[in-house]
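The values are calculated or read from the model by the stated rules, or taken from the named source; none is laboratory data. Note that the coordinates shown come from a computational prediction; the quantities given were computed from them, not determined experimentally. Methodologically, a virtual Cβ is constructed for each residue, glycine included, from the backbone with ideal geometry; neighbour enumeration extends over all protein chains shown. Ligands, DNA and RNA are stripped out before the accessible areas are found, and what is left, the full protein with its side chains, is counted by its heavy atoms. Shrake-Rupley method; radii C 1.70, N 1.55, O 1.52, S 1.80 Å.
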Amino acid sequence: MQQVKVVDGGFSTQLATHVGDIIDGDPLWTARFLVTNPNAIISTHLDFLKAGSDIILTNTYQASIDGFTKYMNIKEEESLNLFSKAVDYAKEAINLYKKDIKNKANIVNANPLIAGSVGPYGACLHDASEYSGKYCSDVSQEILMNWHRPRIQKLIDNGVHMLAIETIPCKQEAEALIKLLKEFPNSKAWLSFSCSCDGKSIADGSNFHDVAMWCYKEALPEQILAIGVNCIAPQNVTPLLKRINEDKQEFVPLVVYPNSGEKYTIKHGWMKKEEEYSLHEFIHEWLNLGVRYIGGCCRTNATDVKKIRAEVEKWKNQLNA
């Protein structure tokens, strides 16, 4: 059986414990702290490592050349160097963590990995369109590839172990990214989508199963580590994933890192969830569906990751019993 990897949680949520609640609403979101407070970034990574994360994501979800240029007056070369620094900060956190656990026994995540976070084009627009995909009708595949290419190149060049291509809301951008990944044949990635709550569609209305499986099969062999969903309410995950491994002909690894169940809007920020569901109550269900990368997204924190780790270990023990 493929090993289950615990991913980190919502970076902004945990970062707020170090910098205060001054993150949401910023057009650069957590990426601003690559310039203003690197120590807080390192501390946030370290929180997740101590909570049991096997994989930490670089703080680059909403980082972009145009964003840094527009909002911080930083030129292109320096903007790209911030991607390098984001990887360096993750590496520094791992180094600190390894020093901390040296000579300690029974560490379940003794050799953590770094995933380069690749957020969608819509994230840099700062209009919540990563949850709608509305921009995809206005941008060509070529524009999307050219926008993503330098970000991906920098992350790979600076030694991430994999890419976390995440919160992709539309078919067109997913297809562009699969095509772009072929330019980096030695790199691996997971691909997770922003989905609606209807249990069958990604944000732009395309069928999740069809788009996800096309991407998985169209990519270079073994280049896609997993396909799945992120930043979605926990109760909406299973209906989206349950068809993927139904036929049992070919096992497809899945990735899931849901949010807390709250909903974000530009006008109101995070709105309280209408139904009280905890992502932890679904973990065994998701693992049984074939999830092999599991963590949390917005409004989840290091405490949630610690609970996820505990449930993953419990599930493993039950299998081996």
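Take the residues in region 187-207 that are in a loop (DSSP other than H, G, I, E, B) and among the hydrophobic types (A, V, I, L, M, F, W, C), then tell me which one is farthest from TYR131 (Cα to Cα).
Top of the filtered list is CYS197.
Taking GLY228 as the residue in question, decide whether it is small (Gly, Ala, Ser) and assigned to a loop (DSSP other than H, G, I, E, B).
In short, no.
What pairs can you find where one residue is in region 153-168 and under 28 Å from LYS134 (Cα atoms), the other is among the β-branched types (Val, Ile, Thr) and open to solvent by 10 Å² or more (accessible area, probe 1.4 Å), and their Cβ atoms are less than 8 Å apart, with a gap of 6+ or different chains?
Close Cβ pairs (under 8 Å, with a partner that is among the β-branched types (Val, Ile, Thr) and open to solvent by 10 Å² or more (accessible area, probe 1.4 Å)) amount to LEU163/ILE156.
So, restricting to strands (runs of 3 or more DSSP E) that lie completely within region 243-312, which ones have at least 3 residues that are modelled with pLDDT of 95 or more?
Ranges flagged: 254-257, 291-294.
Working carefully through the options LEU46, LEU113, find the one that is more than 14 Å from HIS161 (Cβ to Cβ), under 19 Å from the mean Cα position of the chain (by Cα) and not basic (Lys, Arg).
Only one candidate passes the filter, namely LEU46.
Identify all residues within region 206-254 that are in contact with a strand residue (DSSP E or B) (Cβ under 7 Å, 6 or more places away or on another chain) and aromatic (Phe, Trp, Tyr); write none if there are none.
Across region 206-254, the qualifying residues are PHE208, TYR216.
Search region 1-21 for residues that are among the small types (Gly, Ala, Ser) and pair each with any residue that is open to solvent by 70 Å² or more (accessible area, probe 1.4 Å) and part of a loop (DSSP other than H, G, I, E, B) when their beta-carbon atoms are under 6 Å apart and the residues are at least 6 apart or on different chains.
Close Cβ pairs satisfying both conditions: GLY10/ARG299.
Tell me, which residue of region 132-155 that is among the basic types (Lys, Arg) and over 23 Å from CYS195 (Cα atoms) is nearest to the chain's Cα centre (by Cα)?
Ranking the qualifying residues of region 132-155, first place goes to ARG151.
As an exercise: evaluate CYS124 against (1) open to solvent by 10 Å² or more (accessible area, probe 1.4 Å); (2) at pLDDT below 95; (3) at negative phi; (4) in contact with a Pro (Cβ under 7 Å, 6 or more places away or on another chain) and give the number of the one condition it does not meet.
(4)
If ALA90 satisfies every condition in (1) part of a helix (DSSP H, G or I); (2) out of contact with any strand residue (DSSP E or B) (no Cβ under 6 Å at 6 or more places or on another chain) but one, which is the exception?
Against the list (1) part of a helix (DSSP H, G or I); (2) out of contact with any strand residue (DSSP E or B) (no Cβ under 6 Å at 6 or more places or on another chain), ALA90 comes up short only on (2).
Can you pull out every residue in region 120-160 that is closer than 22 Å to PRO27 by Cβ and part of a loop (DSSP other than H, G, I, E, B)?
PRO120, HIS126, ASP127, ALA128, SER132, GLY133, ASP138, VAL139, listed by residue number.
Take region 185-203 and flag every residue that is open to solvent by 20 Å² or more (accessible area, probe 1.4 Å), at pLDDT 95 or above, out of contact with any Leu (no Cβ under 7 Å at 6 or more places or on another chain) and within 18 Å of GLU166 (Cβ to Cβ).
ALA203, the sole residue that qualifies.
In region 161-176, which residues are open to solvent by less than 10 Å² (accessible area, probe 1.4 Å) and either part of a loop (DSSP other than H, G, I, E, B) or touching a Pro at 6+ places or on another chain (Cβ under 7 Å) (or both)?
Matches in region 161-176: THR167, ILE168, PRO169, CYS170, GLU173.
Residue under question is LYS179, and the condition is that it be in contact with a Leu (Cβ under 6 Å, 6 or more places away or on another chain), surrounded by fewer than 23 Cβ atoms within 10 Å (Cβ to Cβ) and either at pLDDT below 95 or not hydrophobic (A, V, I, L, M, F, W, C) (or both); does it hold?
Answer is no for this residue.
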